[in-house]
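Asks: So that we are looking at the same thing, I have put the structure below in structure tokens.
Please treat every number below as a calculation from the coordinates, not as lab data. Computed from a prediction, not measured in an experiment: that's the story for all the values here. As a convention, Cβ positions derive from the backbone with ideal geometry for all residues, glycine included, and neighbour counts pool all protein chains shown.
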Amino acid sequence: MLKSLRVFVLTLAFGLPQILLALETGFLDRSLTVNGANHPYQVYIPRGYDGSQQWPVILFLHGQGSEGMMA
């Protein structure tokens, strides 16, 4: 769980600024490599997002047997 939290924090720190600079919208496939391990993730940027207002964040942490990749 702690490792997943670290990956999420690193993703926010390094992944989102790149996404926001590009001003892409919709579901965007991204990945983060930590200690040689690739961690794919998907982020949704709403149409019309420009950073001038706050938007809610919804985080889905799936468990074993849910949709997504299993470790």
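Asks: If you count, for each residue, the other Cβ atoms within 10 Å and average over each peptide, how do 50-60, 31-41 line up from highest to lowest?
Replies: 31-41, 50-60
Asks: Between H39 and residues 5 or more places away or on another chain, which pairs have amide H atoms under 5 Å apart, with H built 1.01 Å from N, and which residues are they?
Replies: Close amide H contacts, sequence-distant or interchain: L32, T33, V34.
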